Structure formats: C-alpha cells, structure tokens
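The values are calculated or read from the model by the stated rules, or taken from the named source; none is laboratory data. Worth saying up front: this structure is predicted, and the values here are computed from it rather than measured. Glycine also receives a Cβ, built like all others from the backbone with ideal geometry; neighbour counts cover every protein chain displayed.
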Amino acid sequence: MICWVMLRSLSKCLRTNPVGVQRNMSQSSLAGKVAIVTASTDGIGLAAAQALGKRGAHVVVSSRKQTNVDKAVALLQGQNIQVTGTTCNVGEGKEREKLVQMTLEKCGGIDILVSNAAVNPFFGNIMDSTEDVWDKILSVNVKSSFLMTKLVVPHMEKRGGGNVVFVSSVAGYQPMQALGPYSVSKTALLGLTRALAPDLAQSNIRVNCVAPGVIKTRFSSALWQNEDIMDEFKKQLSIKRIGEPEEIGGVIAFLCSDEASYITGETITVTGGINCRL
Ligand SMILES: NC(=O)c1ccc[n+]([C@@H]2O[C@H](COP(=O)([O-])OP(=O)(O)OC[C@H]3O[C@@H](n4cnc5c(N)ncnc54)[C@H](OP(=O)(O)O)[C@@H]3O)[C@@H](O)[C@H]2O)c1
C-alpha cells in the first residue's frame, strides 16, 4: 500500500515537473528580443550582453573603440550568442542616433535598453571639482541615459512594450570618498528610474535600475588592487569579497525577463550586503 502511494506520487511528480521547468524557461527566455547594451565591450556591460544573449536575445554591443567592439563581438559569437557590434560614444548625440538606426536596420526593432556607460574624470575633494568635470559626468552618466531612452521608446512601443535598465552604483546611495560628482550622477539615475517608470508603464515599458557595489572590472581597479582600501571596504560587506561582472549581468537579464513582469521603478542593489539607503 505504502509502495503504491509512493509510486503514484513519483509519477505525479514526473508528470508535473517538466511543465514547471518549461514554464520557468519560457518566462526567463528572451528569444526574439533585441537588446542594446551601451558600453558593452568590457566589464559589467559585456557581462550583461552575455547574460541577455544566453537567454536568447540578439544583443547589440558598442563602445568608443572599434578594436574593443571587434573583440567583444568575436567573444560573444564564440559563445553562440547572436550579436551585432558598432562604435558609439554615448556622450555624442549623432553616435546615439547611429546606434539606434543601425540596430533597427540590422535587427528590425528594439525591445531592451541597458544604459550602462559612465565616466569618472575626477578624484578628490568635491569642492575642487570644476564646471567641466560636472558637465562631462552629468552629460555621459545621466543625460545620455535619458536621451538614449527617449530615442528607443518609440521603437519599443511599436513592439508592444519593452525594458529599460540603468546601471547606477552603491555610490548613488552613499557618496564614495573622493568620488563626489560621480556619486551624485549615480543618485540622479535612481531618480530618473522613478521619474520614468509611471509614464512608460502606459506603453508597457518597465524601467528599473541596478546599483552594483565594488565589482572586479577595469573601472574599479584602483580600489580592488589596493589591499589596504579593500581590507577596510570588506568590513562593510556581509559577503567578504568583491563582486564579479556576471553577478550584475544576471540581475539585469532577470529585470528584462517576464519573471520580473510586476517590477518597475525599482533599483536592485547588488553589493554583497552593504547597507544602502538614501
Ligand atoms: N566596477 C564597479 O565596481 C562598478 C560599481 C558600481 C557601478 N559601476 C558602473 O558600471 C558601469 C560599467 O562599469 P564597468 O566597471 O563595467 O567598467 P569597465 O569594465 O571599465 O568597462 C567600461 C566600458 O565602457 C566603455 N566606455 C567607456 N566610456 C564610454 C563612452 N563614453 N561611450 C561608450 N562606451 C564607453 C569601454 O569601452 P571603450 O573604452 O572602447 O569605450 C568599456 O567597454 C558604469 O556605469 C559604472 O559606473 C561599476
């Protein structure tokens, strides 16, 4: 009798589980989607392109230097990811337009924008930062994120909806020492996420943001290559290591998937447990 009951529940499990798996796969699948990821030939942008591409999206990678674009395209093609590449300095209006136009011509539409590019030309006391520094940081990190969004939204609307993800930083919650203007630009992205979400929800476009902690990339190498800084920094972490770009890429892909269909206007902090609040 006990045996019969066990067999019955085993066969029920075998019958129901494949359906559960299939449902999960289709919810996380991005097959047929076209994703623009800015600044995506290295670091977090490249990891985001990989994560989106592995879920079936056609990814459009770009950065300022053709050699970096070529390397990233070859790497992604080697992983059987559908990929198109072009140069684009997101700080230049004409280049943003070229990126969008090329994506439409080669891929037929746009479903996802990951706005990842940022610069930081200034380290030091915030009171020593100049107008040029502020213009550069706000132009690339904030203004271009909004203007890229404005360019892609009409095309997402034609496809019935889409997803925008901004890449902010833990510095957006707690300004980092010597990185005042950069930190302020990252706080602005938290605001931009919340400002856009209600408007774009009407077009079935979700707008979210990730705020990474310290992630092992070239951008942050001055931090993680300095043992004294890292020892001090690790005291703030629950998970006592710095993050890997893939650990951000996966969260970005999740936010763009149907599994996140009821999430908009949010920022997910991915920091190894740093206490973040504004
Ligand atoms: N790494 C961290 O610890 C960390 C923490 C929090 C937030 N973030 C944020 O994550 C994002 C990516 O940083 P990352 O650490 O991944 O940097 P990264 O590894 O140094 O990669 C930077 C990428 O951006 C491209 N790039 C630089 N300026 C550009 C521009 N004006 N237009 C287009 N592409 C440009 C670079 O290629 P080219 O040189 O060919 O242009 C490269 O592909 C940034 O928004 C950063 O603020 C990083």
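Per-residue answers, yes or no, for (1) β-branched (Val, Ile, Thr); (2) assigned to a loop (DSSP other than H, G, I, E, B):
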| residue | (1), (2) |
| --- | --- |
| 45 | no, no |
| 52 | no, no |
| 56 | no, yes |
| 67 | yes, no |
| 70 | no, no |
| 73 | yes, no |
| 80 | no, yes |
| 84 | yes, no |
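Residue-wise test of (1) surrounded by fewer than 24 Cβ atoms within 10 Å (Cβ to Cβ); (2) acidic (Asp, Glu); (3) within 12 Å of the ligand (Cβ to nearest atom).
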| site | (1), (2), (3) |
| --- | --- |
| 31 | yes, no, no |
| 35 | no, no, no |
| 46 | no, no, yes |
| 67 | yes, no, yes |
| 77 | yes, no, no |
| 84 | yes, no, no |
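When 138, 151 are checked against the criterion of being at pLDDT 95 or above and either in contact with a strand residue (DSSP E or B) (Cβ under 7 Å, 6 or more places away or on another chain) or more than 19 Å from residue 40 (Cβ to Cβ) (or both), a single residue qualifies: 138. Taken across the range 87-95, residues that are more than 10 Å from the ligand (Cβ to nearest atom), out of contact with any His (no Cβ under 8 Å at 6 or more places or on another chain) and polar (S, T, N, Q) do not occur at all. In a residue-by-residue description of the range 221-231, the property of being of a type in the set (Phe, Trp, Tyr) and in a loop (DSSP other than H, G, I, E, B) applies to no position. When the range 152-186 is filtered for residues that are among the β-branched types (Val, Ile, Thr) and out of contact with any Pro (no Cβ under 8 Å at 6 or more places or on another chain), the ones remaining, listed by number, are 152, 153, 164, 165.
Just checking, does the range 159-173 include any residue being touching a Gly at 6+ places or on another chain (Cβ under 8 Å), more than 25 Å from residue 201 (Cα to Cα), in contact (Cβ under 8 Å) with a residue 40 or more places away in the chain and not β-branched (Val, Ile, Thr)? For the range 159-173, residues touching a Gly at 6+ places or on another chain (Cβ under 8 Å), more than 25 Å from residue 201 (Cα to Cα), in contact (Cβ under 8 Å) with a residue 40 or more places away in the chain and not β-branched (Val, Ile, Thr): absent. Take the conditions (1) over 22 Å from residue 268 (Cα atoms); (2) within 16 Å of the ligand (Cβ to nearest atom); (3) basic (Lys, Arg); residue 216 misses just one of them, which is (1). Here 162, 124, 180, 108 are screened, and the one residue that is more than 15 Å from the ligand (Cβ to nearest atom), of a type in the set (Gly, Ala, Ser), over 15 Å from residue 267 (Cα atoms) and surrounded by 16 or more Cβ atoms within 10 Å (Cβ to Cβ) is 162.
Checking the structure you have, find out if any residue of the range 227-234 is under 27 Å from residue 132 (Cα atoms) and away from the ligand (no atom under 11 Å from the Cβ). Before the answer, list the steps.
Restricting attention to the range 227-234, the residues satisfying the condition of being under 27 Å from residue 132 (Cα atoms) are none.
For the range 227-234, residues under 27 Å from residue 132 (Cα atoms) and away from the ligand (no atom under 11 Å from the Cβ): absent.
Residues in the range 130-167 that are on the phi > 0 side of the Ramachandran plot and part of a helix (DSSP H, G or I): 0 in all. Residue check: residue 251 meets all listed conditions (1) assigned to a helix (DSSP H, G or I); (2) more than 21 Å from residue 103 (Cβ to Cβ); (3) within 11 Å of the ligand (Cβ to nearest atom) but one, namely (3).
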